[in-house]
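The values are calculated or read from the model by the stated rules, or taken from the named source; none is laboratory data. What you see is a predicted model; the values in this text were computed from it and never measured. So basically every Cβ, Gly included, is an ideal-geometry build from the backbone, and we count neighbours across all protein chains shown.
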Amino acid sequence: MTLRTLIFRYSAFAVISIIVNLGSQRAVLAVLPDGWRLVPGITPDDQAVLLAIAVGTGAGLVTKYLLDKRWIFFDTSKGARAHSERFTRYTMTGLVTTAIFWGMEYTFYQVWSTDAMRELGAVIGLTIGYVVKFQLDKRFVFFERTA
């Protein structure tokens, strides 16, 4: 695969994953009742945003893993064991990048208190995170099948 194709695919898959992530967040925020509260001491709005971020992260993670596995790293491993090992490593490399993403998104929400700025923070954080994640995945997750 050429470098141009790799950059195009990885960027396209990042955009798809961001759309899945933010779409999942919007769905969570749309269905939660006003004043929803699970944890005392944290405002209902903050709890709703934190829950939405967590659900969106999970949905985006699975989407990006499946796309990267097949179309970026051409990993053909099969079976539950191979998938669980790869996905575990993929998730572990994502911890650092998730911290970048969550930090940016939640900071933007705390500073501006609007959904538009929260989503802008998410896009910025995810973009930075995906650049870092590619390098981590190439070295620690899909190292046997790097294109």
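A few points about this structure:
- Test set (1) more than 30 Å from L32 (Cβ to Cβ); (2) modelled with pLDDT of 95 or more - M117 fails condition number: (1)
- Filter result (charged (D, E, K, R) and in contact with a helix residue (DSSP H, G or I) (Cβ under 8 Å, 6 or more places away or on another chain)) within the range 90-147: E105, D115, R118, E119, K133, D137
- Residue match in the range 21-39 (condition: at pLDDT below 95, within 27 Å of F8 (Cα to Cα) and of a type in the set (D, E)): no
Residue-by-condition table, conditions (1) farther than 23 Å from G129 by Cβ; (2) not β-branched (V, I, T):
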residue: F13; (1), (2): no, yes
residue: I16; (1), (2): no, no
residue: R26; (1), (2): no, yes
residue: G35; (1), (2): yes, yes
residue: P44; (1), (2): yes, yes
residue: L61; (1), (2): no, yes
residue: L66; (1), (2): no, yes
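- Selected residue (only one of G41, G58, G35 is over 17 Å from V141 (Cα atoms) and within 14 Å of the chain's Cα centre (by Cα)): G58
- Only listed residue being surrounded by 14 or more Cβ atoms within 10 Å (Cβ to Cβ) and either of a type in the set (D, E) or not in a helix (DSSP H, G or I) (or both), chosen from D34, D75: D75
- Criterion (closer than 17 Å to R70 by Cβ, crowded, with 16+ Cβ neighbours inside 10 Å, under 19 Å from the mean Cα position of the chain (by Cα) and touching a residue at least 12 places away in the same chain (Cβ under 8 Å)) met by exactly one of V20, V28, V49: V20
- Taking first residues from the range 80-108 that are on the phi < 0 side of the Ramachandran plot and partners that are loosely packed, with under 12 Cβ neighbours inside 10 Å and of a type in the set (S, T, Y), the Cβ contacts under 9 Å between residues at least 6 apart in sequence or on separate chains come to F108/T114.
- Residue count for the range 100-147, restricted to those that are crowded, with 20+ Cβ neighbours inside 10 Å and farther than 16 Å from A54 by Cβ: 6.
- Residue match in the range 79-99 (condition: surrounded by 14 or more Cβ atoms within 10 Å (Cβ to Cβ) and either among the aliphatic types (A, V, I, L, M) or not in a helix (DSSP H, G or I) (or both)): no
- Those residues of the range 109-119 which are polar (S, T, N, Q) and on the phi < 0 side of the Ramachandran plot, in sequence order: Q110, T114
- The single condition among (1) assigned to a loop (DSSP other than H, G, I, E, B); (2) closer than 17 Å to R118 by Cβ; (3) of a type outside the set (S, T, Y) that V39 does not meet is (2).
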